[in-house]
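Some notes on the structure that comes next.
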Amino acid sequence: MIKLKHEYNKNTDKSIIPVHERGEMSRRKLVEAGLRIYSEVGYQSASTRRLAADAGVNIAAIPYFFGSKEGLYHAVLDFIVEFYHVQLDEELDRIKTALNDPRTTSEQYLDLLDGYMRALVNFILREGAERAQISRIYIREQLDPTSGFTRLYHGFIKEMREIHEALIANILGRDAHDLEVKLLSQTLIGQMTIFKSSQVTVLKHLEWEQYGEERVSSIERVVSMNVRALMQAYQTKGNEL
């Protein structure tokens with residue numbers, strides 16, 4: 001679950017905890033509860049009463065800290081954005097450095113794209129209750145977007161796609177704004193995200209109970225081979241569709 005700045009024993013006398021720290025604890029508990037409940041039933045079906053009860057706080061804490069149920073939902077989406085950056089910013093910074101270096105070669109860009117795809121496979125398919133909750137909320141926003149979708153899009157989706165497109169464009173010697181480059185980027189990402197969005201079907205068909213490290217490595221290897229084969233095919237044909 002979300003890591004708190006301070007861990008407290010449940011039996012701790014709250015009267016000895018400073019007021020501002022009690023407030024931060026309540027706020028974090030509501031975000032934790034929101035992550036669980038919004039992922040389970042969606043934004044529309046989540047009641048403020050249930051959110052407060054699950055967090056173990058007074059229902060008045062929701063408007064106090066977040067203004068409304070929507071405000072709490074936006075705080076949960078902000079946590080998802082932060083989670084993404086914590087996990088992938090190191091990889092993204094390495095790519096940005098290469099993109100800004102005129103000495104970076106096409107082959108080096110291909111290695112960076114391969115590494116980026118491998119990082120995304122591991123990020124998307126790694127197991128864990130919190131990761132599963134984040135994935136369900138993300139998929140819900142794809143199927144039935146709310147007012148909070150723009151927070152996800154501008155928080156990390158837009159940058160992720162633009163960096164992906166920039167790598168492909170540099171490999172193929174094309175403009176990152178070309179429609180073909182953007183469609184190719186979507187295609188490459190799609191081969192990976194299907195393992196999460198259709199996870200139940202994939203596991204059932206492959207007769208797996210879960211992915212696990214060895215199986216994620218197998219998916220990573222196939223995705224990597226596809227990326228390199230497709231890039232080579234485009235280069236060989238002179239980037240013609």
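The values are calculated or read from the model by the stated rules, or taken from the named source; none is laboratory data. Since the model is a prediction, treat every value here as computed from it, not as a measurement. All Cβ positions, even for glycine, are placed from backbone atoms using ideal geometry, and neighbour counts span all protein chains on display. Surface accessibility is based on the protein's heavy atoms, side chains included, excluding ligands, DNA and RNA. Shrake-Rupley method; radii C 1.70, N 1.55, O 1.52, S 1.80 Å.
Treating the angle as unsigned and between 0 and 90°, give the value, to the nearest 10°, between the Cα long axis of helix 129-143 and the longest Cα principal axis of the chain.
70
Note the listed values (i) 70, 44, 31; (ii) 57, 46, 36; (iii) 60, 35, 31, then indicate which one is Cα extents along the principal axes in Å calculated from this particular structure.
Checking each listed value against the structure points to (i).
Percentage of Cα-Cα pair distances in region 104-185 greater than 17 Å, rounded to whole percent?
Looking at region 104-185, the distances longer than 17 Å represent 58 percent of pairs.
Would you work out which of Y38, V200, V81 lies farthest towards the positive end of the dipole of the chain, given +1 charges on the beta-carbon of Lys and Arg and -1 on that of Asp and Glu, about the Cα centre?
Farthest towards the positive end: Y38.
Along the charge dipole of the chain, Cβ charges K/R +1 and D/E -1, which of L143, A60, H154 sits furthest on the positive end?
My answer, from the dipole projection, is A60.
May I ask you to give the solvent-accessible area per residue for the chain, in square angstrom, as obtained with a 1.4 angstrom probe?
Value returned for the chain: 57 Å² of accessible area per residue.
Taking 2.2 N^0.38 Å as the expected size of a compact globular protein, what ratio does the Cα radius of gyration of region 103-241 give against it, to two decimals? Write down the numbers at each step before the final one.
Numbers: Rg = 16.1 Å, N = 139, 2.2 N^0.38 = 14.3 Å.
Normalised Rg, Cα atoms only: 1.12.
Rounded to the nearest 500, what is the 222 nm mean residue ellipticity of the chain from helices alone, with -39500 (n - 2.57) per DSSP H run of 4+ residues and division by all residues?
Working: 11 runs with 174 residues, N = 241.
So the helix-based figure for the chain works out to -24000 deg cm²/dmol.
Which percent of the accessible heavy-atom area of region 78-124 goes to carbon and sulfur, probe 1.4 angstrom?
49
Given R₀ = 35 Å, what would the calculated FRET efficiency be for Q210 paired with Q232, taking r from the Cβ atoms and rounding to 0.05?
It comes to 0.60.
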